[in-house]
Every structure is written in C-alpha cells, then in structure tokens.
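Rule-based calculations on the coordinates, nothing more; no lab input. Bear in mind that the values here come from a model prediction, so they are computed numbers and not experimental data. Because the Cβ atoms are built from the backbone with ideal geometry, glycine has one as well, and the counts that use them run over all protein chains shown.
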Amino acid sequence: MPISHEQLTPIIDALIELRSKNQPGNFSHVEKVFTDHATLLAPLESICPKIKILLSHLLTNATNVRANINSFWRRKTGCNKTGKVTRAPRLHELTNDEAATLGNSFRKFLLGNKETTTAVNAWKLDNPILEPLFTGGVFEPIVIGIAKELMVASKLGLAKRVALGAGLSIMDMITDTGVINSYRASGNMADAYSLMAMIGSNMAVQLLFTYAQNRKKSKWVILRELMFVVTFLKPAVDAYRVATGHMDEDVVFSPLQELSFGKGTELAFESIPGGVLQAYVFINAPEKTLFLLISILISTLTTGYSSALISFDMDVSVANRKEVQLFYGYIKDSNTERMITFILQVSERELRGGGVVNRAKLTFVSLGRRFCSPASTTSAAQSAPRYCSQ
C-alpha cells in the first residue's frame, strides 16, 4: 500500500523542528525521530544502516566538506575525480565517512538549482548509490520537505535566487529610464516615446496575466500582486516562490510557469525590441556616450540570460520531465554538465538569438545607409567610397 504524504508530514515536521547547525545534535534528534516513527522508517534503515548519519549531515547543511573524507570515499567506492560513483557499493556497506559525504554533498545541489524537487533529483542522479532509498516512496518526500526548509533557512542561497531573478530586470529598467531621459534631453522624442511604449506594453501584458492568474482570489490579493508588477518586484517574488516550493491551488499556472511567462513577456515586448532600438539610435547618434552603450549591453545580457534561463528551468524541472519525457531532458544530470550547458545556452543566445550578430548586421546596414545617402554622397564618397555601389 503506497504511503500518503499526510503520513510523512509528522516525520518531516519533526526532523525540521529541532534542526540546527550542530551535526551531533542533529544526529541525536534524527535517532529520536526514527524511534518515534519506527513503523515507517525502519525499512529505510534496513536498506541503509547509516541513514541517520546521512540525514544528520544533510540537516546540518554544512558549508565545508573535508577533503580527506572526499578522497577516502573515492578510494573506497571507486569514484572518479568529480565525486561521481562509478562502482557503487551497496548502501548497507556504507561507512560513517561515506554517509557523511553523501549528506554534505546535498548542499551544492540545493544552491545550484531553483526548485527543491530539481535539487533532490539532481542529487539522486549524481549519486546512483542512493537509488534503492528512492524506490519506496518514503525517502524522497522526506528529503524534499527538508530541502524546502533548508532553502528558506539558507539566506545566501535564497538571496542569490531572488537577486538573480530581479537584478537584471531592474537594472535594465533603470538604464532604459535613463536612456529615455537622454533621448528627451537631446530632442529625440520619437525614439523616447517608442521606448516608453515598449516598457508600457510589457507592463500591460504582465498586469493582464497577473490578474488572470489570481482572478479567483480576493481583491486585496489581486491588488497586492498587481503592485508587485507596477513596482518591478514581480521577478523577485516569482523567484522566491519557485525557490521555496510555494503551492497555491487557486492559481492557474505553477510558480515556475508564471516566472517563465514573465521573463518571456519581458523579452518579447521590452528587452529585445528596446535593445535593437537603442543600438540603432546609438549607431546614428552624433555623440556616443558610455551610458547609452552600457544600456545596450545590459539589454543584450538580459536577453541572453533570460531566454537561456527559461529553457534551462523548464527542461530540468522534474514535473516537466515526467509529463513530457520526449521533449524535456536534453540537459544532462550532473552539476558540471548542467553548468556548462547553461553557459553555452547564454553564449549562443547572446551571439545568435539576442543579439550581437543581429545588432552587428544592423550596424553595417546603418553605416552603409549613412555613407550612401544622397545628402552625404559627396563627402561619403570621398572618405569611404567602397561602401557605395556605382
């Protein structure tokens, strides 16, 4: 008979309740929880006698893993230099040091993934030795529950996700506002209004989506969510909800889908067209200031990073991989492979999709038009005749 989440909730709450940064204290606490809930937890201990040590180190969420433990574990278990098990020993033969290493290694997956379920899945895939523990339907929900608590408790990890979620968007908005003021000061009202229209259209679409997403809720909740959009805090709020595993039955889309839609809307209505417009104006401007160039670079970075992040998050999502196995799953499972894939995705989008190549083409086209225009034929032909066809 499958074990329900309601049966595991008291165990998860008990493990989290007295969690601390002290590993011996966590071990004593885990021992008590295993004694109080022996019926459900005894099978786990029969599979892995050192599971209490593993969980105590996982709960401690230590920032350092001793090098001598890592080297000892690799030597004993046949790990390669990346720490991945190549000849996985049976779980019931784990030593104390090996169990501690497995528990401590969870931290890097928690910091390197946006969703707790994705972090747990990456940890499992990177350590095939743990596979028997995940087959009973007890261990995985417990680790996910612990991961949610660690995500909230880890101020550094949570701050990183919120900062990355909002930093580029807010920076892009600040520079765009400065560019609008610069255009107005120079009398370029047409381009200033065009950029304002792009920002306004992005906000309008996000407001409509936010209202549709929360239409079943009270008017005060809807007003609060709309204020997040108006104050440009929506990316940070979405990142926080994804990181903490926020669940809400009254909304249409999941937090990850909502975050992806917001970034996609920003790309389609603001970052890409705004970056192209700014590049065009910069090329043809008589005075080229450093601030205008920085704004273009931020728009390009936002385009590449956001589009790569949408693809990456949707692919590594455990729920997506289960629902659409033929489409999702092209990104490999190890942390190193995922990091390399993401860097390549950002680079590819910067060079092809965002924008450096396309904006370079725009540069040459604009330069060619300037050299070959009737008003400047004489001077252009004298200074750069190779640009004009005879």
Item checked: Burial order of peptide ranges 290-302, 312-324 (average beta-carbon count within 10 Å, highest first) -> 290-302, 312-324
Notebook entry, point to check: So, counting K/R as plus one and D/E as minus one, what does the shell of residues with Cβ under 12 Å around PHE327 add up to?
Noted result: 0
Notebook entry, point to check: For region 264-303 and region 105-130, what is the separation of their Cα centres, given in Å?
Noted result: 37 Å
Item checked: In nm, spacing of pseudo-spin labels at GLU323 and SER4 (7 Å Cα→C-beta vector) -> 2.5 nm
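Please tell me which of these pairs span more than 30 angstrom C-alpha to C-alpha: LYS52/LYS234; LYS148/LYS263; LYS108/LYS263; LYS219/LYS322; LYS114/LYS216; LYS124/LYS217?
On the way: LYS52/LYS234 40 Å; LYS148/LYS263 24 Å; LYS108/LYS263 26 Å; LYS219/LYS322 35 Å; LYS114/LYS216 27 Å; LYS124/LYS217 37 Å.
Going by Cα-Cα distance, LYS52/LYS234; LYS219/LYS322; LYS124/LYS217 fall outside the 30 Å limit.
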